[in-house]
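Input: a single structure, listed below in structure tokens.
The values are calculated or read from the model by the stated rules, or taken from the named source; none is laboratory data. This is a predicted model, so every value here is computed, not measured. No Cβ is skipped: glycine too gets one built from the backbone with ideal geometry, and neighbour counts run over all protein chains shown.
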């Protein structure tokens, strides 16, 4: 009996082959049963309506795109690598800015019940707002589409980090705080040597949720602001009716999203502890 | 009266009872500890033992009264008073060694890294954990964790060591082994120790004096029982000493029959009792008033 992992891998691959096979079969162009009409001959065959491209076409395109991902042939023709790099850059900039605000403010809210009560209504009000709803206001105030996209990322990734930091800090076990107190640690050293490591797993959970949301939102934001980025790329290829490129970029969005999540998952492992 | 090392004067704790009134858990607690003494405090649950210990530690505030150590009033926690908590309170993200290093560095911030490490390792060796330096608390058994916690407290060499029922969560065998270790460390260091326990045998093995608390609410430290058994003591042989049984009978009698009504002296200080001394033989036939009278005379 092969190990669970081997069996799972075999099953995964079979599912993939099955799905690709069904997709390939479903997207074959119909055979011309009778001779072509004069009109059809004029148009170059029976294929009139655009159909979803078969996986073979997508794989062929993926091969081409990935073998030269960073080419730049003008505003509307850049390699997939460049487009993804723009998106990742926007996500990370907005995300880091959100971190710079959310962690200290979260600490403050978590440490002080007064601040928690004072700020909580605003957080609860602002949190459910779709980040894209901020876009018009951002565009008007910032007057720059790139910075507006970054702002939208900032505003959507701040809430999970803020709330998780506050929750983690507020729920540090009183015993550990007492250990800091009996060893006469000052507030700053207590925060750094006891509260931060104690709350780190909860904080990292918030950061992981945030990066996931940020990556979801960047696609939509870039569809709106245009210019560069993977979201713009998807929309642009849709306008070109190049569905193979659309499907390919959907897959790439998934791959990058997964990598971002994996990176934070690794970071989470580093700060985890067992009681 | 000469000043003692630690003086506790008129301590009381009052909580709101949830119905608009007040609940006095304990009141007018008075006692003194001398340097180098090992004192245990026994009482039924709810009499406020842990609160008294937390007040001594500076982690909790009393509603009235004060604590003076070395002529200075205790306000807030401090490194001159070390605490061993019942649930160990080790920092789970640090290794065994780093848990001690954390405390030693806080105590002597100017020490070099090597000196801190060497000092910490010495104390871990004292509790027999030199093989587990790099393990996390989650990889240790309950007994080993409590050893680390004890090593941490002793390593900072506090003037007063407060132990809050340190063996309460351990099985009987482990408890015995660590009690022996505590006896050994204490013989070496002669720290002043104030310890809460529910275990009469443990109290007799370890202490010079045992405080008996009456039941809460309005609990008092009613009696201070002298344990007249010479050091060094050992768990395996202590029961051969006749004073052991007399002391034990006296303690059990108090906890079973008298803890509800026992009162301290008129001035609020605990009645001094020496159950193992000469005629002071506690028998089950004595009435409460006789026992109390003898306690006064003792």
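Restricting the first member to the stretch B:63-85 and to residues that are free of Cβ contacts under 8 Å to residues at least 12 places away in the same chain and more than 8 Å from every other protein chain (Cβ to nearest Cβ), and the second to residues that are surrounded by fewer than 17 Cβ atoms within 10 Å (Cβ to Cβ) and not in a loop (DSSP other than H, G, I, E, B), the beta-carbon pairs closer than 7 Å and six or more apart or on different chains are B:73/B:66. Pull up the stretch A:39-65, narrow it to residues that are out of contact with any helix residue (DSSP H, G or I) (no Cβ under 7 Å at 6 or more places or on another chain) and modelled with pLDDT of 75 or more, then point me to the one that is nearest to residue A:17 (Cα to Cα). My answer is A:59. Within the stretch A:180-192, restricting attention to residues that are touching a helix residue (DSSP H, G or I) at 6+ places or on another chain (Cβ under 7 Å) and within 15 Å of residue B:90 (Cα to Cα), the residue that is farthest from the other protein chains (Cβ to nearest Cβ) is A:190. Helices (runs of 4 or more DSSP H) fully within the stretch A:82-185 that include at least 3 residues being without any contact (Cβ under 8 Å) to a residue 24 or more places away in the chain and over 25 Å from the mean Cα position of the chain (by Cα): A:113-126, A:174-182. Residues in the stretch B:29-57 that are more than 14 Å from every other protein chain (Cβ to nearest Cβ) and under 11 Å from the mean Cα position of the chain (by Cα) were compared, and the one that is farthest from residue B:255 (Cα to Cα) is B:37.
Here residue B:104 qualifies as within 26 Å of residue A:270 (Cβ to Cβ), within 10 Å of another protein chain (Cβ to nearest Cβ) and over 20 Å from the mean Cα position of the chain (by Cα). Could you check, for the stretch A:243-252, whether at least one of its residues is closer than 24 Å to residue A:92 by Cα, more than 14 Å from chain B (Cβ to nearest Cβ) and surrounded by fewer than 17 Cβ atoms within 10 Å (Cβ to Cβ)? Yes, the stretch A:243-252 contains a residue that is closer than 24 Å to residue A:92 by Cα, more than 14 Å from chain B (Cβ to nearest Cβ) and surrounded by fewer than 17 Cβ atoms within 10 Å (Cβ to Cβ). Considering the conditions (1) touching a helix residue (DSSP H, G or I) at 6+ places or on another chain (Cβ under 9 Å); (2) within 29 Å of residue B:9 (Cβ to Cβ), residue B:248 is excluded by exactly one of them, (2).
For the stretch B:213-253, a residue qualifies if it is within 20 Å of residue B:179 (Cα to Cα), outside any strand (DSSP E or B) and in contact with a strand residue (DSSP E or B) (Cβ under 8 Å, 6 or more places away or on another chain), and the qualifying residues are B:227, B:247, B:251. Restricting B:169, B:151, B:203 to residues that are closer than 26 Å to residue B:89 by Cα and in the same structural domain as residue B:103 (by TED's automatic domain parsing) narrows the list to B:151. Of the listed requirements (1) without any contact (Cβ under 8 Å) to a residue 40 or more places away in the chain; (2) surrounded by fewer than 21 Cβ atoms within 10 Å (Cβ to Cβ), residue B:159 misses just one: (1).
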